[in-house]
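A short reminder: the numbers here are calculations on the coordinates, not readings from a lab. Just so we're clear, the structure is a prediction, and the values are computed from it rather than from any experiment. All Cβ positions, glycine included, derive from the backbone under ideal geometry; neighbour counts span all protein chains shown.
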Amino acid sequence: MLWDVESGKPLLTMKGHDTWVECVDFSRDGKRLASGSTDSTVRIWDAVTGQCLHVCKGHDTAVRMVAFSPDSRVVASCSRDTTIRLWDVETGKELSRLLGHKSYIECLAYSHDGKKIASCGEETVIKIWDVETGRNIANYKTDDRLSHALAFSPDDRLIAFCGRDAKVKILDAASGEILNVLEGHEDAVRSVCFNPDGATVASAANDESVRLWDVASGKLLHVYRGHVLEVQSVDISPDGKTIASGSDDRKIKLWGIR
């Protein structure tokens, strides 16, 4: 569903997937929406009319994450079938596959310059891929057996990632060195994102909280409470003033950044 931020009212309901929708992403130009499902498909939608433009078939099992390239021309998807696939937004056709993970992939993210993709999941590694060649160009070891989410900083110099160990870690994107560990959540961290200014990171966790952190110092700035079940996702508005969170309590909450 698409919602009006000001009124909180639904604008569009998009139907087509046969089972649960695991993930969605807007294109940077706001014209398209991509979704991934446990029905193994990726769908590309017209974000204005709600029309399904393409059903992208190829994954063998649940699609865990979708992400548009910065130029909005490609959608990347990852699945529990251990593959990453790139899809042409205009045609819905598969462009390429990134192969190398040995277990299921939980998440992926494009760098803001569109040249790299980072991915991780049920392995103690974050993989970095060259988008143009499809090559796996770096592998950064992690301590957590299951990483749930990751994100590039706006300048692509850092990667924030989180997982089952209840920590958010800040990684040097060039070397893989862990620069900071943000501790305070009491259960697995499910989602993480950078503020557009790169100064702060928001995280959401199974402890029913959303937290805001200072990237440089690792200091916890604020804890947002109100959800009554696990918080599965978090994002920050383009103006950096509002956090959105989604929870198993079937509610989306908007929080002002203090």
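How do 127, 219 line up, fewest other C-beta atoms within 10 Å first? All intermediate terms of the calculation are to be shown ahead of the outcome.
Working: 127 21, 219 12.
Exposure proxy ranking, most exposed first: 219, 127.
Past the 29 Å Cα-Cα mark, which pairs from 127/167; 102/169; 31/219; 9/219; 9/115? Mind showing how you got there, number by number?
Details: 127/167 19 Å; 102/169 23 Å; 31/219 37 Å; 9/219 35 Å; 9/115 37 Å.
The answer is 31/219; 9/219; 9/115.
Say each of residue 155 and residue 230 gets a label point 7 Å from the Cα, pointing the same way as Cα to Cβ; how far apart are those two points in nm?
Spacing of the two 7 Å Cα→Cβ label points: 3.6 nm.
If one computes P(r) from the Cα atoms of the stretch 168-237, what percent of pairs lie at distances over 13 Å? Write out the running numbers ahead of the final one.
Working: 1509 of 2415 pairs.
Percentage above 13 Å: 62.
Mind listing P(r) for the stretch 30-102? All alpha-carbon pairs, 5 Å bins, whole percents.
Values per bin, smallest distances first: 3, 19, 31, 26, 15, 5, 2, 0.
Test of understanding: what is the full-extension gain from residue 95 to residue 12, defined as 0.36 nm times their sequence separation minus their Cα-Cα distance?
Details: separation 83, 0.36 × 83 = 29.88 nm, distance 2.94 nm.
Difference between extended and current length: 26.9 nm.
With an 8 Å cut-off on Cα pairs and a minimum separation of 6 or more residues, tell me the relative contact order of the chain in percent. Please report the intermediate quantities before stating the final value.
Numbers: 735 pairs, mean separation 20.3, N = 258.
Result for the chain is 8 percent.
Neighbouring Cβ atoms within 10 Å as the yardstick, rank 212, 99, 86 fewest first. Don't jump to the answer; show the numbers that get you there.
Values: 212 21, 99 11, 86 18.
Exposure proxy ranking, most exposed first: 99, 86, 212.
Counting other Cβ atoms within 10 Å of each Cβ, which GluC sites (Glu not before Pro) in the stretch 1-105 have at most 13 and sit in a DSSP loop? Numbers along the way, then the final one.
Values: sites: 6, 22, 90, 94; in loops: 6, 90.
In loop regions of the stretch 1-105 (DSSP not H, G, I, E or B), the sparsely surrounded GluC sites (Glu not before Pro) are 6, 90.
Can you run phi through the Karplus equation (6.51, -1.76, 1.60; θ = phi - 60°) for the stretch 32-47 and list ³J(HN,Hα) in whole Hz, with x for Gly and Pro?
10, 10, 10, 9, x, 9, 6, 7, 6, 10, 10, 10, 10, 10, 6, 6
Can you list the aspartates and glutamates whose alpha carbon is less than 19 Å from that of residue 15, not counting same-chain residues fewer than 8 positions off?
Partners within reach: 4, 25, 39, 46.
Starting from the Cα gyration tensor of the stretch 132-203, take the square roots of the eigenvalues, sort them a ≥ b ≥ c, and report rounded, prolate or oblate (rounded when a/c is under 1.5, otherwise prolate if a/b is larger than b/c, else oblate).
Oblate.
Name all residues of the stretch 195-238 having a backbone nitrogen under 12 Å from the label point set 7 Å from the Cα of residue 143 along its Cα→Cβ direction, giving them as ranges.
Output list for this probe position: empty.
When only alpha-carbon atoms count, how far does the chain stretch along each of its three principal axes, as whole angstroms with the largest first?
Projected onto its principal axes, the Cα set of the chain covers 45, 45, 28 Å.
Once R0 is set to 25 Å, what does the formula 1/(1 + (r/R0)^6) return for the Cβ-Cβ distance between residue 174 and residue 199, expressed as a FRET efficiency to the nearest 0.05?
In this case the efficiency is close to 0.80.
Would you please calculate the Kirkwood hydrodynamic radius of the stretch 142-258 over all C-alpha pairs and express it in Å, rounded to one decimal? Walk me through the intermediate numbers first.
On the way: mean 1/r = 0.0725 Å⁻¹.
Roughly 13.8 Å, rounded to one decimal.
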